[in-house]
Structures are given as structure tokens and as C-alpha cells.
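Here's the structure we're looking at; comments come further down.
The values are calculated or read from the model by the stated rules, or taken from the named source; none is laboratory data. Everything numeric here is computed off the predicted structure, so don't read it as measured data. Here the Cβ positions follow ideal geometry from the backbone for every residue, glycine too, while neighbour counts run over all protein chains shown.
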């Protein structure tokens, strides 16, 4: 659907509302069939101009900071489900005022702030380490033995008075069979405590909207767990809500051939605008390009616009030669992109557009010099 983006100037993030609705309908189906709650993880996606659509399907949002709590209240129209590794003393009162649920990462934090939370009728939970995760990238694995995230089983012998829930997060773009293994470990380590609580937050990383995800297996898994332990279940995906719902449009500015492979230098930056491509790392799909060489194709590294030496991706392969002015479309660029972008090097930040179901194109944010300048004073 490249033609739909032709009139949108580069660079730009473009959300396709029709695809977002399709994802939301599937998530709503899971909620209904599994009798669970699904909320949006703002750490993965925070384009609040789309929240009026999202809040008609999902049951709120999860926040990990005071700013995310405020965003949830203001634009999702609901109090937040909040978790942070630690809460600052000067922020906890406002967080409690604007949260329906708060999870604590340690017993110390719980004891420190339980009275404030009680005074605002907040449901409180402890985040625990379930003891298993199949996340391969260590940077994204919250369940390693030395993880700072979640109380290990050996440190939690009973549920403190006032705690009504447990919270774990162990997945990253994972399927229901990974969740099943996590739940087996969770029950082994914490099963003796489940009769003392009324709800469980199973975190994010559930890639429910992926085409290969077994939705019916997830529903069966959640229903069985809920029946066995008599608890309410909350899932908080970020990526799944906006999986494959939008792109980043870029433009070729120059072609340089200083090494063995030509580099197409773009008007976007991998370091500043797509940091997970370097941090995770992963290779995004580029419309019309192959990631493996095939005879007759033309190889181009894709270079970012910053002067960081590592701001590039290894070769993609195109059916024809690239030239300055050509459009490059990076697919699936809604989750963990805009929430992580920077203005490093003063490189122009991509605008943000929504392609509505009626075909209209709305520019919801266009960044200027003042956005860059005002970050520093």
C-alpha cells in the first residue's frame, strides 16, 4: 500500500487505523472468551492521539512512571495500573491518587508506601520473579537469577497484609506456549501463595496479534489458570496492540560507495529513531527489499543521518538501483520506536501521521527546531 503514503512528507511515522482496529478486535475477543482484562503498556506505545479508539476496546493502560500515569488518566480516561522498579518519595502521592493498582518491586517499597496507597484505595501487588523466561537477548530478560526486577521465591514466604495481587513479567514478543512454561515455573515457586490473593498481572510480551499466535491455546490456558486458582487475570501487552499497524517512511538522500558495498544514506537515524534495531538487535522489514542475497539484486547498506559510525544496518537487496529521492518504507514501526526516539545530533525527528479508516491523513505531530532547543533549557 505504498501509494497511500505518497502524499505524506518524509520522514514520518504513519499509523494505519484500520490495522489497529483489527488488532483491537482480536484482543477484545480474547478478553471476552478468557474472562480476563487486557490493558495497553504505555512503555511500548504512547501515541495518545489514538487512545480514544483504543479505550473503546481495552480496559485501560499500565504505566511505569508518573508521566505515564498522567497520560493514562488524561487520555485513556482511567486510572493507571502502575509498576516501577522504585518510586520517588516526592511522586508517590500523585501516583497513588491516579492509580487503581500499584505493584511494588520490593517489600521495602511496599512497607514505605502502603499507607499512602491505602488512603487512596489502591489495589496493591508485589512483582515477583517467576524463575523462568525463554527470552534469548539478555538485555531484555527480566528473570535472570541476578535480575533487579521482581522478588525471587526464596525472599517471599507469605503475602503481607494489604497485598491483594501478584505481578510478573517474563515475555518479549512471545507466544502462548512460552507463557505456559512461565506459568508452570510461577506455580512451582509461588503456587502456595495464590490462595491469599485475588488477582494476577501476567505482564506484557504476549504477541497475541501475530499471525502465527495460537489464540485459542491462550484462552484455554488463562481459563484453566483462573478456574484453578480463583483469581482475576490482567495482561498488559504493548507491542501486540500495534503489531504491524504502521510504518516509518524515509527517503534516500545520497549513495556513497566508499567500501565494498554501497550505502544509501537516509533522512532517518537507526540510533535516534529506531534504537531497537541496534540495541536488540533486529532487522526490520523494508518494503520491496530482500534481507538475503539473490542473484540479480543490488546490495545497499542503509545508513542513518547522524555522524555515529555505527548508525547503519547491514545490506538489504533491491531489484533496482537506488537513487537520491527514492522512498524507503520500514514496516512495523509503531511499537518501541516513537517511545524511544531521541534528538541526538539534532537530526530532524520524523513527523507522526494517522491514516484514518476514511482515507484521510492527519498530521498529529510535526517536530521543529524548538523541540530540539527546549530539551536543553
The one condition in (1) more than 19 Å from residue 105 (Cα to Cα); (2) touching a strand residue (DSSP E or B) at 6+ places or on another chain (Cβ under 6 Å); (3) in contact (Cβ under 8 Å) with a residue 60 or more places away in the chain that residue 239 fails to fulfil: (2)
Test for residue 78: is it modelled with pLDDT of 95 or more and within 17 Å of residue 338 (Cβ to Cβ): no
Given (1) more than 30 Å from residue 241 (Cα to Cα); (2) surrounded by fewer than 18 Cβ atoms within 10 Å (Cβ to Cβ); (3) within 26 Å of the chain's Cα centre (by Cα), index of the condition residue 291 fails: (1)
Sole exception among (1) in a loop (DSSP other than H, G, I, E, B); (2) out of contact with any helix residue (DSSP H, G or I) (no Cβ under 6 Å at 6 or more places or on another chain); (3) modelled with pLDDT of 95 or more for residue 147, by number: (3)
Residues satisfying the stated conditions in region 1-44, i.e. under 19 Å from residue 357 (Cβ atoms) and assigned to a loop (DSSP other than H, G, I, E, B): 1, 6, 7, 8
Residue in region 127-134 that is assigned to a loop (DSSP other than H, G, I, E, B), in the same structural domain as residue 185 (by TED's automatic domain parsing) and either closer than 26 Å to residue 97 by Cβ or without any contact (Cβ under 8 Å) to a residue 12 or more places away in the chain (or both) present: no
Which numbered condition residue 226 fails, given (1) surrounded by fewer than 20 Cβ atoms within 10 Å (Cβ to Cβ); (2) within 20 Å of the chain's Cα centre (by Cα); (3) in contact (Cβ under 8 Å) with a residue 40 or more places away in the chain: (2)
Residue among 346, 303, 296 that alone is touching a helix residue (DSSP H, G or I) at 6+ places or on another chain (Cβ under 7 Å) and assigned by TED's automatic domain parsing to the domain that holds residue 283: 346
Check on residue 89, at negative phi and outside the structural domain of residue 270 (by TED's automatic domain parsing): yes
Yes/no for residue 369 being over 30 Å from residue 53 (Cα atoms) and in contact with a strand residue (DSSP E or B) (Cβ under 8 Å, 6 or more places away or on another chain): no
Where residue 54 falls short, out of the listed (1) touching a residue at least 60 places away in the same chain (Cβ under 8 Å); (2) surrounded by fewer than 17 Cβ atoms within 10 Å (Cβ to Cβ); (3) not assigned by TED's automatic domain parsing to the domain that holds residue 252: (2)
Selection status of residue 177, closer than 30 Å to residue 17 by Cα, in contact with a helix residue (DSSP H, G or I) (Cβ under 9 Å, 6 or more places away or on another chain), at pLDDT 95 or above and surrounded by fewer than 15 Cβ atoms within 10 Å (Cβ to Cβ): yes
Verdict on residue 219 being surrounded by 15 or more Cβ atoms within 10 Å (Cβ to Cβ) and out of contact with any strand residue (DSSP E or B) (no Cβ under 7 Å at 6 or more places or on another chain): yes
